[in-house]
Amino acid sequence: MEPTVSLTPEQVAFYHENGYLAIPRLMPDDEVAWMRDVYDRLFRERVGRDVGDQFDLAGTDDDDAPAVLPQILGPAKYAPELRESRLWVNAAHVVRQLLGPEAHFGDGHMIFKPARIGAETPWHQDEAYWDPGLDYRSLSIWVPLQEAKVENGCMWFVPGSQRLEVLPHRSVGGDVRIHALEVLGADTDGAVACPLPPGGATFHGSRTLHYTGPNRSEIDRRAYILSGGLPAVPRTDGRSFPWNDVKQTARQVRADANR
Ligand code: NI
């Protein structure tokens, strides 16, 4: 399949200048409807929960509590047909436009924000979740499968924040049972909201500060987040992310028990 979406040189330059980019279309409308069905099935069947691939990002993930921000890691493992989509072809092409022909592209995760109860995803840098011993040259592609607006949790970015180091983070509210991280002491004045039509996309770098609000609307907010990047390179400065060392999530217990 040939890609049907390409960035202009101005869009590529905007990404590198600002650390993010929003485009109104990365996949065709008929594929959005198809992918929404796949997406809903994966959450309904709670695929991957036993091995820690499905969990509540913003809660303590007790089995009897309704998830306020359910997430699935590596959804294409559970629905390989996702790899055959136009979205994958287009996203892989755009990643290479942004990072060069050597860039790899692949699966990521799905974050579901249920209507009315979906929790906010606090301000953070993605790199704060990862191995502090590596330097990343990567980006995330965030694709809503319905309209995304401020009221249902569209993406927000701080322009230029991709040039920051990784700032201090902690588990949300300081509760080490919660998987999601929040940044401490970041300046988010000047943040920009990026509402999108269904099948549009935002791109952001591993250090770009970003946020999505709670879902106060009557419609569920589904987002599929894909990933791209160049190989990470080892750091030699002994960087550490102590907020990850103290985490005690139910997800990790399930993952360890089924390893
Ligand atoms: Ni993130």
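The values are calculated or read from the model by the stated rules, or taken from the named source; none is laboratory data. As the structure is a prediction and not an experimental result, all values here were calculated from the model. Here Cβ is always computed from backbone atoms with ideal geometry, including for glycine, and neighbour counts include all displayed protein chains. For the accessible areas, the whole protein counts, side chains as well, though only heavy atoms, and no ligand, DNA or RNA atoms are used. Shrake-Rupley method; radii C 1.70, N 1.55, O 1.52, S 1.80 Å.
Values computed for the structure shown
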{"read-out": "Breaking point among (1) closer than 25 Å to V233 by Cα; (2) part of a loop (DSSP other than H, G, I, E, B); (3) away from the ligand (no atom under 16 Å from the Cβ); (4) open to solvent by 40 Å² or more (accessible area, probe 1.4 Å), for V176", "value": "(1)"}
{"read-out": "Qualifying positions in segment 79-110 - of a type in the set (S, T, N, Q) and not in a loop (DSSP other than H, G, I, E, B)", "value": "N90, Q97"}
{"read-out": "Filtered residues of segment 120-145 (kept if surrounded by 20 or more Cβ atoms within 10 Å (Cβ to Cβ) and more than 14 Å from the ligand (Cβ to nearest atom))", "value": "P144, L145"}
{"read-out": "Segment 208-231 - residue that is of a type in the set (D, E, K, R) and assigned to a loop (DSSP other than H, G, I, E, B) and, of those, farthest from the ligand (Cβ to nearest atom)", "value": "E218"}
{"read-out": "Conditions (1) surrounded by fewer than 20 Cβ atoms within 10 Å (Cβ to Cβ); (2) within 16 Å of the ligand (Cβ to nearest atom); (3) more than 24 Å from L134 (Cβ to Cβ); (4) not aromatic (F, W, Y): number failed by L167", "value": "(3)"}
{"read-out": "In segment 146-160, residue nearest to the ligand (Cβ to nearest atom) [restricted to those that are over 14 Å from the mean Cα position of the chain (by Cα) and assigned to a loop (DSSP other than H, G, I, E, B)]", "value": "V158"}
{"read-out": "Some residue of segment 191-214 being more than 20 Å from the chain's Cα centre (by Cα) and at negative phi", "value": "no"}
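Table: residues versus (1) surrounded by fewer than 20 Cβ atoms within 10 Å (Cβ to Cβ); (2) within 17 Å of the chain's Cα centre (by Cα); (3) farther than 16 Å from G200 by Cα.
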position: E2; (1), (2), (3): yes, no, yes
position: P9; (1), (2), (3): yes, no, yes
position: R25; (1), (2), (3): yes, no, no
position: D29; (1), (2), (3): yes, no, no
position: R41; (1), (2), (3): yes, no, yes
position: R49; (1), (2), (3): yes, no, yes
position: T60; (1), (2), (3): yes, no, yes
position: I72; (1), (2), (3): no, yes, yes
position: V89; (1), (2), (3): yes, no, no
